[in-house]
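Taken together, the values in this text are just the output of simple stated rules run on the coordinates, not laboratory data. Model, not experiment: these values are computed from the prediction. Methodologically, a virtual Cβ is constructed for each residue, glycine included, from the backbone with ideal geometry; neighbour enumeration extends over all protein chains shown.
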Amino acid sequence: MNERTNLDIFTDSFLPLLHAGIAFTVPLTLISFALGLVLALLTALARLSDFYPLVLIARFYVWIIRGTPLLVQLFIIFYGLPSVGILIDAFPAAVIGFTLSVGAYGSEIIRAAIVSIPKGQWEAAFSLGETRLQALRRIILPQAARVSVPPLSNSFISLVKDTSLAATVTVTELFQKGQQITAAVYEPLLIYCEVALIYLIFCSILALLQRQLEIFFNRYYTA
């Protein structure tokens with residue numbers, strides 16, 4: 001009789017879980033956050049524009065995304081859209097869902113950061129002959145970036161954990177891999193604790209990087 005101990009199960013499952021995290025969770029997080037950050041900036045600028053129809057569109061987008069659960073949004077994209085002839089593979093569907101979420105929440109962070117910059121900064125830029133676009137690009141956004149780094153970094157860390165929802169649309173990321181292993185070895189407490197440990201490792205590394213990024217921005221910022 002050859003019974004496997006918990007240590008055997010732990011060591012045998014660690015590498016498959018880590019591989020799922022590196023191969024799916026990390027790329028899903030990076031791609032979604034990068035695209036979401038671009039969408040967030042565009043949405044924030046739209047919210048602050050003088051063209052009211054654009055403001056309404058941006059507000060409507062943020063309202064919809066912030067007012068509905070991310071899980072429901074993923075189900076609409078992956079399971080709902082095929083009913084109207086729009087078929088999207090699991091990984092791209094997850095990217096779209098997470099990108100829309102990051103874009104909506106991130107836009108509010110960026111918008112608040114831009115609004116927090118004193119109006120005197122705009123006036124100083126205009127007095128130097130800068131256009132609104134030039135002032136925004138050269139003076140306002142660099143300062144807003146420093147203000148928005150901590151909350152955006154927190155959003156990035158939260159996104160790492162939120163990617164576990166991709167398991168519901170059949171993406172074989174870290175959490176779903178844990179489910180598959182649990183079904184094979186019948187040790188849910190051990191495996192899910194192992195999954196939590198790997199998420200904790202990922203988030204701890206990102207927290208350290210966040211701290212270094214904040215130090216960098218503070219170092220080159222003159223009050």
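Results, tabulated for the structure shown:
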item: Ordering of 169-181, 128-140, 17-29 by packing [mean C-beta count within 10 Å, highest first]; result: 169-181, 17-29, 128-140
item: Environment charge of residue 107, counting only residues whose C-beta is closer than 11 Å and scoring Lys/Arg +1, Asp/Glu -1; result: +3
item: Whether the range 18-173 is rounded, prolate or oblate, judged on the alpha carbon gyration tensor where a/c under 1.5 counts as rounded; result: prolate
item: Ranking of 122, 63 by count of other Cβ atoms within 10 Å, fewest first; result: 63, 122
item: Euclidean distance between Cα centres, the range 160-205 to the range 122-141, Å; result: 47
item: Potential extension, residue 6-residue 49 segment - 0.36 nm per residue separation minus Cα distance; result: 9.6 nm
item: Estimated [θ] at 222 nm from DSSP helical runs (n ≥ 4, -39500 (n - 2.57)) normalised by residues in the chain, nearest 500; result: -24500 deg cm²/dmol
item: Potential lengthening between residue 42 and residue 184 on full extension [0.36 nm per residue; Cα-Cα distance subtracted]; result: 46.5 nm
item: Computed Rg/Rh of the range 94-223, alpha carbon atoms with Kirkwood Rh; result: 1.16
item: Unit charges at the beta carbon, dipole of the range 1-81: most positive-side option, 44, 15, 71; result: 44
item: 186, 61, 79 arranged by Cβ crowding within 10 Å, fewest neighbours leading; result: 186, 79, 61
item: Of the DSSP H helices in the chain, those whose Cα atoms cover at least 27 Å axially and whose Kyte score averages 0.0 or more; result: 26-47, 90-116, 141-162, 188-219
